[in-house]
Structure formats: C-alpha cells, structure tokens
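Here the structure comes first, spelled out in structure tokens, and everything after it is commentary.
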Amino acid sequence: MAIKSLINRAKNIFMRSNLRTKINLYYLIIFITVFFISYGIYNMFNERIVEKQVSISSGQTLHALDKNLNFMLDEVATFSNLIFFDKEVQNALRSVKSEGADPNKVQLFNKYLVNMLLSGGYISSVYLYDNYDNRYAMGKRGVHPLTIDKIEDAYWYKQAMKLDGNLLWVKNSGGVLQNENNENYISLIRIIKDLKNFDKLAVLIVNVDEEKIVDQFKEISDGGKSHFFVLNNQGQYITHPDIDVDIVEEKIKPNLKGSEGYFVENINNSKMITRYITSQNNDWTIVGVMPLDESSKQWKSLSYIAIVILVLNSIFLSIGGIFIAKFITKPLLRMQKYMKKVEQGNFETMPVQSDRTDEIVQLQKGYNKMIGEIETLIYRVKEEQKVIRKNELNLLRSQVNPHFLYNTLDAISALSLLGDNEKAFKITQSLGEFYRISLSSGKEIITVEEEINCIKSYVTILDIRYNNKFEVFYEIEETILELKVLKLILQPLVENAVHHGLRNKQGNGRVEIKGYRENSNIVFKVTDDGIGMSQKRIDEIINFKQNKGGFGLYSSRQRISIYYNIENPISIVSEEAKGTEITITIPIME
Amino acid sequence: MDTIKVLVVDDEHLERALIMLGTHWTENGFEIVGEADSGQIALEKIEEEKPDIVFTDICMPFMDGLELTEKIREKYPHIKIVIITGHREFEYAQRALRYGVTEFLLKPIKIEEIAKIANNLKSEILREREAVEEYVTLKEQVNQSRNI
C-alpha cells in the first residue's frame, strides 16, 4: 500500500509538472533504460566473445600439453620397444622353461630394465613377468610384490592380450602391484610376443610417475591459478587435479560431453572456464580449468570504454532533450500568452514564425485560424441575437398593430359623433375580438377557428372603415377548424392583401381565404385580385431580404419558417395588375 | 373674405368625418371647402377651392401625405398643411418638416387638438393676411402719392 501511494504521488507530481520537465524526465528514463539494456546486451555478447576467445587460447594450450604428454608416452613406448624387439631378450624369454630364476637370465633382464630406467627420466619402475610368473623388476624407489597370485589374474590381462603387443595404459598398474605409499603413477602394459610365432613370451609393466606429468602442467598453470588434469575413458584420473576432487566430480565431470568443448562454472566464488579436449593418441581427456576473470582482463578494459561511450552519449542526448524541450515549449508558452489575451476578450492573432515550417508553425496557423473563426462566430451569434430580438419586437408590434388600433379608435369616435350606434357597436366588438385573439395572453398556439375569427373581426373593422371597398370569401374545411396553428399565421397575409393588393386598386376588391387539409399538412391560400407583385418583390420575400415596403409578409414568412422549422413555408404566385395568390403549407401539430 | 378655408384629405371616410365633426368649424370662422379620399383628388380640389389649411392623412394609396405636401408646396407655399399620423418618432417628424409640413395631428385624435391646431393656424393666417393687406395698402398709397 505504501509503495502504491508513493507511485501515485510520483504520478501526480509528474502530471502536474510542466511540459519541459516532463520531456526531460521522459528522456532521462529512456536513457537510463537504454543504457542498461545496451550495457546488458554488450556484456552478454562480450562475455560470449571472451569465453570463445579464452576457449580458443586455452584449447591451444591443451593441445600443446597433449603433444608433450604424447611425446612423453611415445618415448616410454619406444623404450618398451627396446625390450620387445631385442633378440637377446626374445631368446632368453623363449628359453625359460620352468619356475625359478636362472641367474644368467636375471642378470640379462636386469641390464635391460636398468637401461630403460636410466634412459627415461620419468620412468619410476619396470616389471617383467615371464610365462612361468618369474618376475624381473627394477625401480627407483624399490619394487613391489603382486597383490594377486598370477599376472594372468589381472583384470586388464585379457584386454592386453587382445591388443596383441600394442600399448595399454592403465592407472597405478590397475592395482596389480602393492602400493603402500599410495604413489600415483601411470602404467604401460604390453604383452611381449615371440617375433617368430607371435606366442606370448612375457608381460611388461612400465610405470611413469604422475608427478612427472603434473610437473609439465605446473609450468603453464599460471602460478597455480589454472588447473590441469587427465581422465581416461572411464573417468578415472590419469593425473589428479590440484583442486578439490569433490568440486571436479560435482561441477566438471558431468559437463564433459563430446570429444571437446568448454563451459563456464562458478568455482570457489570465481568464474572458471573449463576447456577439454580428447588426446590425439588415445582416448584420454585433457581438462584445463582456468579463471575467466583473469583471462578476460583485456576485454574488461574494452567494456570500460564502452561504458564511457554510453555515458557520454547519454549526457549529449540528455542535453539534446533539454534543447528539444525548450524548442517545443517556448513557442507553446508564447501561444499560452495569446490564449490568455483571448480569455480577456482580445482576439489577437499571433505572429507565425516564418523561419520554421514544422508542427509548431502549423499549430500557430491553426490557432490563428481558430481565433478568426471564433471571432466571426461570436459576431454571427451577436447578429443572430439581434435578428431574433428584432423578430420578437416585430411580432409584438404586429400583435398590437398600433396604427390599426389608432385608426379604428378614430373610426369609432367618428361613428359616435355621427350617431351610428350600430356600426360603432359592431366595430368595437370586432376590435375586442381581434385583440383578444391576437394577444391571447401570450399564447403562441391557437385553433384555426380562432385565427379565422380574428381575420373576420379584422375584415369587419376594415369593412366599416373603408365602406365595403372589398369583399372577403371564406372556404375553410370543417375538419381543420379544431387543429392548432401558430397564432397570426394568416392574418398578416390578409392584411397584406388588403393594404398592398386592394387599397392601391381603383374600384372594389375581392379576397379569397381557403383552408384545407392535404395529407399531414394544412394548406392556406389567400388570393386577391389586387395590383399584384413584381417578381423582384416575391424574390425579396422568399429570400429573406427585408425591404421597407412592409415587414408583414417578410416577418410572417420568417416567423413561420423558424417556428415550424421549414425552409419555405410560403409560396407566392402573382401577376402585376391581376392579383396575388399566397400559399402557406404547414404540418399539422400534435 | 375673413373665413379660413379647410380641406380634409383621407382615404378613410370616418377619419374625414371625425375631423369635420371634431369642432364647430363655421362658428369659429372656418369653412370646410371639401374633402378628398386621395391625393390626386385633393390636388384638384385645392386648384378649385384654394384652401388655407389642408388636413391630410399620411398613409394613403397611390400618393401618400408627404408626397401630397411636396406637391402642394411647389405651387402654394402659404397653405398650412396638417399631417394626421400615428407615428410619434422624432425622425419621422423631422422628415415631415423638411417636406414642408406645418403641424401634426396625432392619432388617435384628441378632439380638442383639432380646434387648437385650427385656431393657432387661423391666427397665423390672419396675421399673414394683415401683413399682406398692409403691404397692399402701403403699395397703393405709394402709387397714389406717385400719381399726385
């Protein structure tokens, strides 16, 4: 939980910090990650390369050792040849016919054996057993008796016989000889054959001190840091390692696979590379265990250089990151300044940096464009609001219709003075009806019947005022009378027909008002036989162009259009001097 | 010779009636010389009757009150023209004055206003007539003394 809250806090601080800090931090994290990853990869490859290199060089060492070893063993073999192929020895062995040593023969054999001891410095002892188990032996530190009854009982005897005079190398004479001092040596065992009939004449055992071989290893063991030993194909130590045998048994022996190879193991807390090869002349395995750290010192220094390069790179890249952050954040800060101005209502475009063409400049251009658009938008909204307010005012004015009211009041006054009570009553009633409906306490929606009544009242008033100068005919379908419509949807059209169509006409006029249902629409038609309109005027009304001639039709069209959300609710057909037909089509309201 | 001739112009007969019935014209030294329901007829009547005051509605078909005023002013600069209007805006009044309108009678008509405006105009007209008469007398006297 504590870690989680800590992470959250770090996250919060990061989120709240400014862009430059974020970019820098981002860079830093990336560089650290990249640094460790590349260092890791480098090290991995480096280690492999080092191991390979070390294995090659140590392989060369092992092959050299192998050569020396073989040279030595070949020499021992050569010395054994001196006995094997000697006529005198052959004859002497052939002539042994019984147990018990013939002193002459003993003397002869001893001479050869001593020669052998003397010629090969690393030969510690030589044993010769004839077919009657007579033993002739010479040793630098004395000779030892057999541990078995007969030499034929030795476990390697059959193998040696099969080799038919060729060489057999075993460890410590294969336990055939007594070994009180636990000396370690390698024994060459060879069956001496009769050169005439290839019968067995004797068994020769030549012992070589292990120490003598190990001495050779020590010369190249790098002051005891490297360890070498030899195993035969049964895993026995031909020469013993000078490290803990348990470690060898546990960590090295199981990994010796194939004829040669290498592997790396941690031994006594240090990395050791084990390199092994199979000897050229026999099936022994020569193993070298060498410290990897020592041999990879030169490679280490290379990796230090790599680290230095990486660190330098990181520093340069980090500095680059800081510059990049500045490069980006500086213009952004500038933009912020301009945005603050906008907050205060100052729509100022910012200068575009002409010397660069990157995203920043596009941002600046986009910003400027946006500012321009916002400005026009605000202007448009203001204008629209003006139009809406004007329309509201117009509606109010058309509802109250002051000039109509004034004129009618004057007419009432005149009628009263004239004593025409009937007409005065009629006109007053009609005026009341007209205003009751057209104001209708602020309601927007009335029935068709109410609208028609409003028109009828209006017409009655005009009839009296203008002395029946025109006639109005109604043709309203019964079914639509109860339907709801926008208030004063029709009255302005009648007013328009009367004022612009008929009053300007000589003689009496005629207005027809039709209302019917067509599918889901209500259609109203107002037709007059007045002076008509020019096409120009029709276009002005249809295209929302206000003209001073009278807002009646124009604002009516606009009001219906806005209220019903229809683009063209009104269509006008007119011929000058003949008349006008105006059609309103509106959907039936629920 | 002392009566003031009045012409009433309006396309609504009741409006004309209201003006004509609105005050005791004859008792006060006025004479309604005629009424017209359009500007055209009004001009004809002016030619015939030579009125001193013309009451005209502003809103009429074919020729509106201001146009009529302009036409009257061309030929008869001394005729007093009273515009009957529902408009109360200052700009509108200024425009009307530029056309040569003498007075305004606001709708809906307050009956006393008719007499008041008429009387004001009457005294003005009489003053003007006196001035003209004085001028004529002086001129005659000058002519007479020249003859002597």
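The values are calculated or read from the model by the stated rules, or taken from the named source; none is laboratory data. If you're wondering where the values come from, they're calculated on a predicted model, not measured in any experiment. Neighbour counts run over all protein chains shown; Cβ positions are idealised from the backbone, glycine included.
Quick notes on this structure:
- Region A:528-545, subset crowded, with 20+ Cβ neighbours inside 10 Å and outside any loop (DSSP other than H, G, I, E, B), residue farthest from the other protein chains (Cβ to nearest Cβ): A:Ile541
- Sub-9 Å Cβ pairs linking a first residue in region A:171-184 that is free of Cβ contacts under 8 Å to residues at least 24 places away in the same chain to a second residue that is acidic (Asp, Glu), at least 6 apart or interchain, are A:Asn172/A:Glu183; A:Asn172/A:Glu210, ordered by first then second residue.
- When A:Gln236, A:Gln216 are screened for being farther than 16 Å from A:Leu62 by Cα and touching a residue at least 60 places away in the same chain (Cβ under 8 Å), only A:Gln236 passes.
- Of all residues in region A:490-517, those that are closer than 14 Å to A:Ile531 by Cα have Cβ atoms under 6 Å from Cβ atoms of residues that are polar (S, T, N, Q), 6 or more apart or on another chain, in A:Gly501/A:Thr580.
- Region A:461-479 - residue that is of a type outside the set (D, E, K, R) and away from every other protein chain (no Cβ under 14 Å) and, of those, surrounded by the most Cβ atoms within 10 Å (Cβ to Cβ): A:Val472
- Residues satisfying the stated conditions in region A:447-459, i.e. farther than 14 Å from A:Arg510 by Cα and either β-branched (Val, Ile, Thr) or within 14 Å of another protein chain (Cβ to nearest Cβ) (or both): A:Thr447, A:Val448, A:Ile452, A:Ile455
- Exactly one residue out of A:Ile427, A:Ile374 is within 14 Å of chain B (Cβ to nearest Cβ), surrounded by 12 or more Cβ atoms within 10 Å (Cβ to Cβ) and either among the β-branched types (Val, Ile, Thr) or in a loop (DSSP other than H, G, I, E, B) (or both): that is A:Ile427.
- Residue match in region B:132-141 (condition: more than 14 Å from every other protein chain (Cβ to nearest Cβ), among the polar types (S, T, N, Q), closer than 20 Å to B:Leu18 by Cα and in a helix (DSSP H, G or I)): no
- Test: residue in region A:107-118 that is in a strand (DSSP E or B) and free of Cβ contacts under 8 Å to residues at least 40 places away in the same chain: no
- Of everything listed in (1) on the phi > 0 side of the Ramachandran plot; (2) buried (at least 17 other Cβ atoms within 10 Å of the Cβ); (3) of a type in the set (D, E, K, R), the single unmet condition for A:Asp164 is (2).
- A residue that is surrounded by 15 or more Cβ atoms within 10 Å (Cβ to Cβ) and within 14 Å of chain B (Cβ to nearest Cβ) can be found somewhere in region A:431-443.
- Put simply, of B:Ser145, B:Ser123 the only residue that is more than 14 Å from chain A (Cβ to nearest Cβ) and within 15 Å of B:Ile4 (Cα to Cα) is B:Ser123.
- Any hit, region A:494-511, residues being closer than 22 Å to A:Gln558 by Cβ, within 14 Å of another protein chain (Cβ to nearest Cβ), of a type in the set (D, E, K, R) and buried (at least 18 other Cβ atoms within 10 Å of the Cβ): yes
- None of A:Gly121, A:Gly142 is closer than 25 Å to A:Asn181 by Cβ, in contact (Cβ under 8 Å) with a residue 40 or more places away in the chain and loosely packed, with under 15 Cβ neighbours inside 10 Å except A:Gly121.
- So A:Leu167, is it touching a residue at least 40 places away in the same chain (Cβ under 8 Å), farther than 30 Å from A:Ile267 by Cα and either hydroxyl-bearing (Ser, Thr, Tyr) or out of contact with any Gly (no Cβ under 9 Å at 6 or more places or on another chain) (or both): yes
- Any chance A:Leu231 is within 25 Å of A:Phe109 (Cα to Cα) and in the same structural domain as A:Asn282 (by TED's automatic domain parsing): no
- So A:Tyr563, is it surrounded by 13 or more Cβ atoms within 10 Å (Cβ to Cβ), touching a helix residue (DSSP H, G or I) at 6+ places or on another chain (Cβ under 9 Å), outside any loop (DSSP other than H, G, I, E, B) and modelled with pLDDT under 85: no
- Any hit, region A:410-424, residues being among the hydroxyl-bearing types (Ser, Thr, Tyr) and within 14 Å of chain B (Cβ to nearest Cβ): yes
- Tally, over region A:44-85, of residues that are surrounded by 14 or more Cβ atoms within 10 Å (Cβ to Cβ) and within 30 Å of A:Val311 (Cα to Cα): 6
- For region A:480-493, the set of residues classified as part of a strand (DSSP E or B) and surrounded by 23 or more Cβ atoms within 10 Å (Cβ to Cβ) consists of A:Val485 only.
- Filtering region A:447-456 for residues that are part of a helix (DSSP H, G or I), more than 24 Å from A:Tyr554 (Cβ to Cβ) and among the hydroxyl-bearing types (Ser, Thr, Tyr) leaves an empty set.
- Only one of the listed residues (A:Asn197, A:Asn181, A:Asn131) is of a type in the set (S, T, N, Q) and more than 22 Å from A:Val96 (Cβ to Cβ). That residue is A:Asn181.
- Looking only at residues of region A:477-527 that are acidic (Asp, Glu) and at pLDDT 90 or above, we find that the one that is farthest from A:Ile461 (Cα to Cα) is A:Glu518.
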